[in-house]
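Worksheet for the structure shown next.
The values are calculated or read from the model by the stated rules, or taken from the named source; none is laboratory data. Note that the coordinates shown come from a computational prediction; the quantities given were computed from them, not determined experimentally. Neighbour counts are summed over all protein chains in view; Cβ atoms, including those assigned to glycine, are modelled from backbone coordinates with ideal geometry.
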Amino acid sequence: MKNKSNKFATKVIHAGGHPDKETGAIMPPIFQTSTYVQKSPGKHQGYEYTRSHNPTRTRLEENLAALEEAKYALVTASGLSCMSLMMHALPEGSTIISGDDVYGGTYRLFTTVFNERHQYKFIDTTDLKLVEKHLKEKPAMIWLETPTNPLLKISDIKKICELAKKYKVMTVVDNTFMSPYFQTPLVLGADVVVHSLTKYINGHSDVVGGAMMTNDKKFYDKVWTLQNSIGPSQSPFDSWLVLRGIKTLAVRMEQHQKNALKIAKWLEEHKKVDKVIYPGLKSHPQHKLAKKQMSGFGGMITFFVKGGLKESRKFLETVKLFALAESLGGVESLVDHPAIMTHASIPKKIREELGIFDNLIRLSVGIEDCDDLIEDLEKALTKA
Ligand code: P1T
């Protein structure tokens, strides 16, 4: 790393970067190797086997640690594998308080994979009184996704961390939707930040990856040991791709947000739209909190088209620039139908109690020309 006090747009480009010692290559080599030669048994240069460590991955970890202002970062094969390692790290029989609106895959992981090892309680973490009531029972961990996927609910990270500290509960924040460009949970008091690197951090929809960052050496060591023992390490080539994508994170996030704010305001005025959820709109229930704890509002918009599944399908079949696909955070715009796609693993009853109905549509606004995106949405809304 060049300088610890560098600003974000400098850090994305330089943190973890240094010219290759052998050749001077400015870009990091892809250390596409599974193993490393030792001089004598146990005498090596810090690398023994790529499941454990890899120099390309190390550079990405150094970069990510700098962006989230953490001492330690661990990169894994996917967001969900990172979360799985964290769940393995908790003693059997732990209680985990989780936000009620989380990515469908996170919900599935908690309720169908780790449900026999731990106990999960899903609550509305925007309600601080409710949060404190549950923290009083001393769970092992509180898991926050903020803003949430797909309802974009925002929880007060700072206040929750203060409460959690009082009751000695570990706070984890899934910061995937904001990226460290718009939100740094560790600075607000969180113990661990987790990311799906698949999304904004890589930004080009060509890698699946995950990461966690923390200042807690004991927890980091535990999770690293689990990764080494269980095996979900990221390949050197994928780490290299993320390192390549991350360089433009600052400029991409600015453009995602610029387009998203314009589209959210436009949708709010549209007669075929019932309701728009975007943290940057005054109508968002936690707009003030969003302004306080985030330095921007991101590129995700959730809205309700007038009607039901029939109207949603017509809209989703008509959009052209917005590709109908799972995932988010790439430079290209995507559209998702959470009830059938990303959140199908949440039972319908629970989904609807949360407000994820068949007319809910999620946009991941890309960085294309905004006028073209609006024209695409206009055509599809006319058909809906
Ligand atoms: O897909 P993976 O890299 O394993 O990350 C899972 C994950 C974790 N956290 C959040 C907030 C996420 O949105 C995701 C993945 N989400 C999608 C694939 C999606 O379309 O919402």
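Numbers below:
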| quantity | calculated |
| --- | --- |
| Criterion violated by Phe177 - all others in (1) surrounded by fewer than 24 Cβ atoms within 10 Å (Cβ to Cβ); (2) within 16 Å of the ligand (Cβ to nearest atom) satisfied | (1) |
| Test result for Lys288, farther than 17 Å from Ala260 by Cα, loosely packed, with under 14 Cβ neighbours inside 10 Å, more than 14 Å from the ligand (Cβ to nearest atom) and under 24 Å from the mean Cα position of the chain (by Cα) | yes |
| Pair list, Cβ < 8 Å and 6+ apart or interchain, from the range 341-355 residues that are within 14 Å of Val102 (Cβ to Cβ) to residues that are of a type in the set (Asp, Glu) | Thr342/Glu326; Thr342/Asp336; Leu354/Asp100; Leu354/Asp101 |
| Lone qualifier among Val131, Val172, Val187, Val113 - being within 19 Å of the chain's Cα centre (by Cα) and either within 16 Å of the ligand (Cβ to nearest atom) or free of Cβ contacts under 8 Å to residues at least 40 places away in the same chain (or both) | Val172 |
| Gly17 being more than 25 Å from Cys161 (Cβ to Cβ) and either part of a loop (DSSP other than H, G, I, E, B) or at pLDDT 95 or above (or both) | yes |
| Answer from Lys217, Lys166, Lys222, Lys158 - the residue that is more than 13 Å from the ligand (Cβ to nearest atom), surrounded by fewer than 19 Cβ atoms within 10 Å (Cβ to Cβ) and over 27 Å from Arg117 (Cβ atoms) | Lys158 |
| Yes/no for Glu368 being part of a helix (DSSP H, G or I) and surrounded by fewer than 22 Cβ atoms within 10 Å (Cβ to Cβ) | no |
| Residue in the range 341-364 that is nearest to Ser179 (Cα to Cα), counting only those that are within 14 Å of the ligand (Cβ to nearest atom) and assigned to a loop (DSSP other than H, G, I, E, B) | Thr342 |
| Glu68, sole failed condition from (1) within 30 Å of Gly245 (Cβ to Cβ); (2) out of contact with any strand residue (DSSP E or B) (no Cβ under 8 Å at 6 or more places or on another chain) | (2) |
| Matching residues in the range 58-88 - criterion: being within 24 Å of Met27 (Cβ to Cβ) and either within 16 Å of the ligand (Cβ to nearest atom) or without any contact (Cβ under 8 Å) to a residue 60 or more places away in the chain (or both) | Thr58, Leu60, Leu64, Glu68, Ala73, Leu74, Val75, Thr76, Ala77 |
| Of the criteria (1) farther than 22 Å from Met178 by Cα; (2) crowded, with 18+ Cβ neighbours inside 10 Å; (3) touching a helix residue (DSSP H, G or I) at 6+ places or on another chain (Cβ under 7 Å), which one Lys320 fails | (2) |
| Qualifying residue in the range 175-185 (condition: more than 17 Å from Thr248 (Cα to Cα) and not β-branched (Val, Ile, Thr)) | yes |
| Exclusive hit being basic (Lys, Arg) and touching a helix residue (DSSP H, G or I) at 6+ places or on another chain (Cβ under 6 Å), set Lys310, Lys349, Lys314 | Lys314 |
| Meets criteria (within 16 Å of the ligand (Cβ to nearest atom), at positive phi and of a type outside the set (Val, Ile, Thr)) for Ser327 | yes |
